[in-house]
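What follows is a set of notes on a single structure, which appears directly below.
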Amino acid sequence: MALAVTSSSIAISSSSSSSLRAEQVVQLNTTTFQPSDRAHLVSPTILSLSVKRSVVVKALNPESRRNDAIVTSAATTFAPDVMEKSVEVEDFEKLAKDLENSSPLEIMDKALEKYGNDIAIAFSGAEDVALIEYAHLTGRPYRVFSLDTGRLNPETYKFFDAVEKHYNIRIEYMFPDSVEVQALVRTKGLFSFYEDGHQECCRVRKVRPLRRALKGLRAWITGQRKDQSPGTRSQVPVVQVDPVFEGLDGGSGSLVKWNPVANVAGNDIWNFLRTMDVPVNSLHAQGYVSIGCEPCTRAVLPGQHEREGRWWWEDAKAKECGLHKGNIKEESVNANGNDTLHANASVSDIFNSNDILTLTRPGMENLLKMEGRKDPWIVVLYAPWCQFCQAMEASCVELAEKLGGSGMKVGKFRADGDEKAFAQQELQLGSFPTILFFPKHSSRPIKYSSEKRDVDSLMAFVNALR
Ligand code: SF4
């Protein structure tokens, strides 16, 4: 989901997570997300519904308090007489337990009832449209915001429009800061995330606008579900003090996060959307499960995890040995006084099979010449110390066996050490392993770009090209 920028790995202590300050000064910030219609504005004390006993100290000079929450606590002198009185403090852990078996509709109703105009639904343009439907069904006024990163699919923009019309609402779009986007694009180009990861671009286009949006709220509603990522989201409560972001009053504990569909399975969300005849993003019909920015989202096949549809190139990189990593390995060997040849000799070779031909530099140079090529070849550029090369050894040996006698040759070329520069320059080596197909009819080798290195995938590659 496009708004999935929170970190479930950040934890806060239960004392801070379960309480909000009773006295908080509302200071409107012109850069924050402010509603055009504050008709449903509720007092900050609406945050505190259940009653808990709490110790409160009386200020010595309460009249000298400044209208600034931080200065107040820092400058207050306490009187020796500590008096106990009851104040309203919400216990969100208890509330989450109380609501654990409630329906999404009940949870949504409770959230809107409590926070009125100070809460908004974070809508990503995907199946979290269910949240809008639930809010609509409560009959209460509700607000919806979304992050327009400037890189969404046209289908998503059309979907936003359809949702606005269907519910007769205006989505409050948050845009990235134009100066920040300009600086990023002018220095690194439009697709820097393919080169150095998505974090920087996401920070500019998503996280900061989201932070601004939340600074204008006291609570927000997300479509997080436990089944989206069993590892990190299995503990998603239906309501919690937000462990990452700050709300209108600032500081830790100033924002509450509601997850009304935390306990709902993905299939049930879809059943609900179909039953209620809710508009959905047309990208879903094209195989998209998770929907984010256009350059960073792709359709997935049945059975593939939705994570494989997002930032997939970063996953692929994690399955390869970067050349830099290889350098580090060699340098550490060299630092022990061994030369590169010695280092090479110290690791046992891999892809040992009678069906796999070992190529040397002259052999590779010949292969690069079209006129010297009588048969098609598939060649793996490898380094024996690379764990990903080791991991594909069995499938490569099996592939060579299967292709035996077919007229197709299978070769290996050790491309680390002294051969690395040549392989990088002439053989498209970017990381280990690199697999190249040398067709009979073309001078240029074709690189295998998938990270799937099982024998069936490799065979499909070969069959498609020979
Ligand atoms: Fe993040 Fe990609 Fe969107 Fe940039 S384009 S904000 S990297 S998802």
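For Leu357, list long-range residues whose amide hydrogen, built 1.01 Å from N in the peptide plane, is under 5 Å from its own amide hydrogen.
Val410, Gly411, Lys412
Each residue of region 207-218 in order: what ³J(HN,Hα) in whole Hz does its phi give by Karplus 6.51 cos²θ - 1.76 cosθ + 1.60, θ = phi - 60°, with x for Gly and Pro?
5, 5, x, 5, 4, 5, 4, 6, 5, x, 10, 10
May I ask you to order 449-455, 286-292 by the average number of other C-beta atoms within 10 Å around their residues, highest value first?
286-292, 449-455
Across region 377-386, in residue order, what do the Karplus-derived ³J(HN,Hα) couplings come to in whole Hz, using 6.51 cos²θ - 1.76 cosθ + 1.60 with θ = phi - 60° and x for Gly and Pro?
Ordered by residue, 3J(HN,Hα) equals 10, 10, 10, 9, 8, 9, 9, x, 7, 6 Hz.
Treat each spin label as a single point 7 Å out from the Cα along the C-beta direction, and report the His305 to Thr138 distance in nm.
So the two model labels end up 3.3 nm from each other.
Ser102 to Asp375: FRET efficiency via 1/(1 + (r/R0)^6), r the Cβ-Cβ distance, R0 60 Å, to the nearest 0.05?
Using R0 = 60 Å, I get an efficiency of 0.35.
What's the FRET efficiency of Arg298 with Ala394 using the Cβ-Cβ distance as r and R₀ = 30 Å, to the nearest 0.05? Kindly include the intermediate steps, with their values, before the conclusion.
Values: r = 29 Å, r/R0 = 0.96.
Step by step, r from the Cβ atoms, then E = 0.55.
Quick check of the Kirkwood formula: for region 342-419, what is the inverse mean of 1/r over all pairs of different Cα atoms, in Å?
About 13.3 Å for region 342-419.
What nm value, rounded to one decimal, do you get for the distance between Asn168 and Ala464 when each label is placed 7 Å out toward the C-beta?
In this crude label model, Asn168 to Ala464 measures out at 5.1 nm.
How big is Rg to Rh over region 181-247, alpha-carbon atoms, Rh as the Kirkwood inverse-mean-distance radius?
Rg divided by Rh gives 1.08.
Tell me which GluC sites (Glu not before Pro) from region 98-154 have a DSSP coil assignment and no more than 14 other beta carbons within 10 Å of their own.
Here the sparse-neighbourhood loop sites are Glu100.
Which chymotrypsin sites (Phe, Trp or Tyr not before Pro) in region 114-165 pass both tests, a DSSP loop state and at most 16 other beta-carbon atoms within 10 Å?
Those that pass, being in a loop and sparsely packed, number zero.
Quick one: which residues, 5 or more positions from Val144 or on another chain, have an amide H under 5 Å from its amide H? H modelled 1.01 Å from N in the peptide plane, none for Pro or chain starts.
When sequence neighbours closer than 5 places are left aside, the close amide H contacts are Ile121, Glu172.
Each reported figure results from applying straightforward, stated rules to the coordinates on display, with no laboratory input. Remember, predicted model here, so these are calculated numbers, not experimental data. Counting neighbours? That spans all protein chains shown, and the Cβs are built from the backbone with ideal geometry, glycine included.
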